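What follows is a short report on a single structure.
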Amino acid sequence: MKQKNILFAALMLVFMIVELILLVPVFLQTSALLPNLNLSGLEELTLSIQFMGSVGVWVLAMNMGLGILWLILRPDSSTTGS
């Protein structure tokens, strides 16, 4: 049981690191590109909201995958009695 908890914690840490590695450069590139597009304030705001929404959906999908892994790796209730 303890090994499963350690494995789950390691997987959660890997997921968080992957999210950071993938999202930080995307945010930096987007924030650098937006002023160069010569958009109006409303268009820039709309594009930013759409981008944040798509990133939010992606992060939600990653976290749902992590939840599924937790369901697979969690100990059986019959073996957790003290």
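Read the figures in this text as sums done on the coordinates, not as results from a lab. Just so it is clear, the structure is predicted and the values come from calculations on it, not from any experiment. Note that we place each Cβ from the backbone using ideal geometry, even for glycine, and neighbour counts take in every protein chain shown.
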FRET efficiency estimate (nearest 0.05) - Cβ-Cβ, residue 63 to residue 30, R0 22 angstrom: 0.55
Per-pair calculated FRET efficiency, R0 = 41 Å: residue 47 and residue 7 via Cβ, rounded to 0.05: 0.55
Crossing angle, helix 41-73 versus the chain [Cα axis fit, 0-90 degrees, rounded to tens]: 10
Expected-Rg normalisation [2.2 N^0.38 Å, Cα atoms] applied to the chain: 1.63
Cα-based helix-to-principal-axis angle, 2-33 vs the chain, degrees rounded to 10: 0
